[in-house]
Amino acid sequence: MLYTPGMEASEIELAASSSANGRGPERGGEPRVCVIGAGSSGITAMRSLRTKGIEYECFEKGSYIGGNWKYDNDNGQSAAYKSLHINTSRQMMEYAEFPMPDSFPDYPDHFQIQRYFEDFVDHFGLRDTIRFRTEVESVVPAEGGGWDVTWSTRDGESGTDHFSDVMVCNGHHWDKRWPEPPFPGSEDFEGEQMHAHDYRTPEIFGGKRVLVLGIGNSATDIAVESSRHAEATFLAMRRGAWVLPKYIGSKPTDHHTTGLLARAPIAFQSLAMSVLLRLAVGKPTDYGLPRPDHRLLHAHPTVSQDLYNRLGHGDIEVKPNIERLDGDSVVFDDGTRERIDLIVYCTGYKITFPFLDPGVFSAVDNKVDLYRRVVAPQRPGLYFIGLIQPLGAIMPLAEVQCDWVAELIAGEGELPDVLQMNREIALEQARQSRRFVSSKRHTVEVDFAPYLRALQKERSESRARAGSRSRVLA
């Protein structure tokens, strides 16, 4: 189950790497890495580590790879519904080291994405290095450095292993966030209530009056599906949102955001995309949606090719936020009332790490204090992969994150000092508050192209710092 190639770095270089990255001296600086999760971030983490010849062990709670993209994954953490397709084009979502096949459509479904992940694992020979059906119970800082990882299997086995470093790849779309506080009358509501995480197929809507709460990607997908099966479908929301079609002209919409436009000031990008969107579909208010209270690209946009059609056909009725639940009905903020049989809460997810004590690391109100969205400055050797919500796809960004972390662990890169990392975190959070709408949804939001450039710059500076240290030691 372990990948243990011979290491090529000299003893002095390894010692220097240990000092720079916080690994304990008990293993002579030789790294051994725990990868938590074999989803889209975990598999690229393994590839990066293997490329550098770093020993690692991957723990996967379920029986399959793919994490959230594995339909009905038995790890209980997948939110994939049967009709799910990606909302970014395959060219934007693919790993640079393993492009998607040209036979895939512009927007593959989750079955195709799962097959792509399977092919990725087999292409790089990673499958035998994954411990399936093994859950990480706790990750604790070890005396003298490194981390003690306690695990258990479904067969009743358990143990604790020591690692120099831990790469957390458990995802952040699995711990359901419900309305807080609950709407008045929720406990006595006579209809059904469910979270979008538990939705799979549209048969549950047949003949019912359905209310979908939210205006994100899952909310619009589920409302569209409901409108084809339910007696009536209502879509309620607290605030308006920009809804982008999957195509503008004959090109996937995200293809319009690359190239020179991605390097333009955000105000110009927002204006350019607003003009394109106005020409393609008009204004949200033309379809009965509330006017967004922010400019385009200043919040995570919703992507749906079908919502505007269903609204225009009268198959979905837009409502404001819920005021209260009353028996078999829902009363909305505008005073209107509708009898409802089923409420689907598309209210997002909490960022949680059940294997980490809050005193070690936590995300209060989904806020994370990480250098470059990856490194915990006060916890040497602890890295978080894919803990971002980009205006684009996570996978290619996670790939670069992992290549950078692998260089740090191998001693080919070095982090700044803790004071500098904390200073950069504070600056980034200040930029974040100015850039995006304030909400729990946007605490990990990033712009795809600028963040990618920041990671690439960080890798270059990291290697330069390591080179300077090596020269001093020599």
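Quick notes
- Residue identified as open to solvent by 20 Å² or more (accessible area, probe 1.4 Å), more than 30 Å from residue 237 (Cα to Cα) and among the small types (Gly, Ala, Ser) among 185, 191, 207, 144: 144
- Among the residues of segment 353-378, those that are surrounded by fewer than 16 Cβ atoms within 10 Å (Cβ to Cβ) and in contact with an Asp or Glu (Cβ under 9 Å, 6 or more places away or on another chain) comprise 354, 378.
- Within segment 333-382, the set of residues being closer than 25 Å to residue 446 by Cα, part of a loop (DSSP other than H, G, I, E, B) and in contact with a Gly (Cβ under 9 Å, 6 or more places away or on another chain) comprises 346, 347, 348, 379, 380, 381.
- Annotation note: of 472, 446, the sole residue that is within 18 Å of residue 398 (Cβ to Cβ) and either surrounded by 15 or more Cβ atoms within 10 Å (Cβ to Cβ) or at pLDDT below 90 (or both) is 446.
- Considering segment 38-62, the residues that are within 17 Å of residue 116 (Cα to Cα) and assigned to a loop (DSSP other than H, G, I, E, B) include one that is nearest to the chain's Cα centre (by Cα), namely 39.
- Residue within segment 393-411 that is part of a loop (DSSP other than H, G, I, E, B), within 19 Å of the chain's Cα centre (by Cα) and either touching a residue at least 24 places away in the same chain (Cβ under 8 Å) or surrounded by fewer than 21 Cβ atoms within 10 Å (Cβ to Cβ) (or both) present: yes
- Any hit, segment 237-245, residues being assigned to a loop (DSSP other than H, G, I, E, B) and among the aromatic types (Phe, Trp, Tyr): yes
- Here residue 81 clears all of (1) out of contact with any helix residue (DSSP H, G or I) (no Cβ under 9 Å at 6 or more places or on another chain); (2) at pLDDT 95 or above except the condition numbered (1).
- Test: residue in segment 334-351 that is acidic (Asp, Glu), free of Cβ contacts under 8 Å to residues at least 60 places away in the same chain, over 25 Å from residue 248 (Cα atoms) and out of contact with any helix residue (DSSP H, G or I) (no Cβ under 7 Å at 6 or more places or on another chain): yes
- Qualifying residue in segment 214-237 (condition: in contact with a Gly (Cβ under 6 Å, 6 or more places away or on another chain), open to solvent by less than 50 Å² (accessible area, probe 1.4 Å) and closer than 30 Å to residue 394 by Cα): no
- Any hit, segment 325-346, residues being surrounded by 16 or more Cβ atoms within 10 Å (Cβ to Cβ), under 30 Å from residue 434 (Cα atoms) and within 23 Å of the chain's Cα centre (by Cα): yes
- Residue that is farthest from residue 453 (Cα to Cα), among those in segment 354-392 that are acidic (Asp, Glu) and within 18 Å of the chain's Cα centre (by Cα): 365
- If the condition is being open to solvent by less than 80 Å² (accessible area, probe 1.4 Å) and not in a helix (DSSP H, G or I), then segment 415-443 contributes 415, 416, 436, 437, 439, 443.
The values are calculated or read from the model by the stated rules, or taken from the named source; none is laboratory data. The shown structure was predicted, so the numbers you read here are calculated from the model rather than taken from an experiment. Please note: Cβ atoms are built from the backbone with ideal geometry, for glycine as well, and neighbour counts cover all protein chains shown. What goes into the accessible areas is simple: the full protein's heavy atoms, side chains included, and nothing from ligands, DNA or RNA. Shrake-Rupley method; radii C 1.70, N 1.55, O 1.52, S 1.80 Å.
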